[in-house]
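The values are calculated or read from the model by the stated rules, or taken from the named source; none is laboratory data. Since this is a predicted model, take the numbers as computed values, not measurements. Cβ placement follows ideal geometry from the backbone for every residue including glycine, while neighbour counts extend to all protein chains displayed. Calculation scope for accessible area: heavy atoms of the full protein, side chains included, ligands and nucleic acids excluded. Shrake-Rupley method; radii C 1.70, N 1.55, O 1.52, S 1.80 Å.
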Amino acid sequence: MSQVRATAGPAATPLHRLCRWLAALGVAILLVCALLTVADILGRRLLERTIPGMVDLTQLLVMNAVFLWIPYVFERRANVEVDLLFERLPRAARRWLERLWPLLGAVFLLVVAWYAGRTALQVFEYGDSSQTIGVPMIWYWAPVLFGTVLAAIVCVIQFAQAMVDPAAGHSKP
């Protein structure tokens, strides 16, 4: 299960580019977060001043970064895996499970998106905002929804490919 192919083929190429671009954006956002943190520390030490709302900014930036990475992680099938039991299964069972993992992943992600969507709707309706600098809380939930739904789409495509092409998504021998 450790060496599996990512989504491939003409239909997935734009999706792969989108996932890769979003992951790069997530890395850039995390870099901004790190630079702001360094600036905040230096400001405290040298100027006895801090960046207002640093906790709010850090939480927002990290949430955005993580949920922009998630579709790429699923697209590359780079999730953390535990092979303890999987490797002991008969080869035929492993092949079927490899085909079904994307479907199970999509179901899980869609359940997460549904619950996150309910919470995001409630946050939006109430007009909640962060306590320190008043960032609308929907900005925290938007990347969660976007990244989770896009990752689910990636999983559905991987499942469809595995059903059409039995070799798709299999471990390399």
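Leaving out ligands and nucleic acids, note down the accessible area per residue over the chain with a 1.4 angstrom probe, in whole Å².
On the way: 10800 Å² over 173 residues.
Computed with neighbouring chains in place, this is 62 Å² per residue.
Please turn the phi angles of region 64-69 into ³J(HN,Hα) values with the Karplus equation 6.51 cos²θ - 1.76 cosθ + 1.60 (θ = phi - 60°), one per residue in order, whole Hz, x for glycine and proline.
For region 64-69, the Karplus-derived couplings read 4, 4, 4, 7, 7, 7 Hz, x marking Gly and Pro.
What percentage of the solvent-accessible surface of the chain, computed with a 1.4 Å probe over protein heavy atoms, is contributed by carbon and sulfur atoms?
Accessible surface attributable to carbon and sulfur in the chain totals 69 percent.
Say each of ARG17 and GLN59 gets a label point 7 Å from the Cα, pointing the same way as Cα to Cβ; how far apart are those two points in nm?
Each label point lies 7 Å from its Cα, and together they span 3.7 nm.
Along region 155-160, what does the Karplus equation 6.51 cos²θ - 1.76 cosθ + 1.60 (θ = phi - 60°) give for ³J(HN,Hα), rounded to whole Hz, x for Gly and Pro?
With the stated coefficients, region 155-160 comes to 5, 4, 5, 4, 5, 4 Hz.
To test your reading of the geometry: what angle, between 0 and 90 degrees and rounded to tens, separates the Cα axis of helix 91-126 from the longest principal axis of the chain?
For helix 91-126, the angle is close to 30 degrees.
Quick one: helix 13-42 against the long Cα principal axis of the chain, what's the angle to the nearest 10°, folded into 0 to 90?
Its long axis makes an angle of about 30 degrees.
Tell me which residues come under 5 Å, amide H to amide H, from SER129 once H is placed; ignore anything under 5 positions away on its chain.
MET137
Excluding TRP141 itself, calculate the net charge of residues whose Cβ lies under 15 Å from the Cβ of TRP141, where each Lys or Arg counts +1 and each Asp or Glu counts -1. It would help to have the intermediate numbers written out before the result.
Working: positive: ARG118; negative: ASP56, GLU125, ASP128.
Cβ neighbours under 15 Å give a net charge of -2.
How big is the C-alpha Rg of the chain next to the rule-of-thumb value 2.2 N^0.38 Å, as a ratio?
Details: Rg = 19.8 Å, N = 173, 2.2 N^0.38 = 15.6 Å.
This ratio for the chain stands at 1.27.
222 nm [θ] for the chain, helices only, -39500 (n - 2.57) per DSSP H run of 4+, per residue, to 500? Numbers along the way, then the final one.
Numbers: 4 runs with 116 residues, N = 173.
The helix-only estimate for the chain comes to -24000 deg cm²/dmol at 222 nm.
Could you go through region 136-149 in sequence order and give the Karplus-derived ³J(HN,Hα) for each residue, using 6.51 cos²θ - 1.76 cosθ + 1.60 with θ = phi - 60°, rounded to whole Hz, and x for Gly and Pro?
Coupling constants for region 136-149: x, 5, 5, 5, 7, 8, 4, x, 4, 5, 4, x, 5, 5 Hz.
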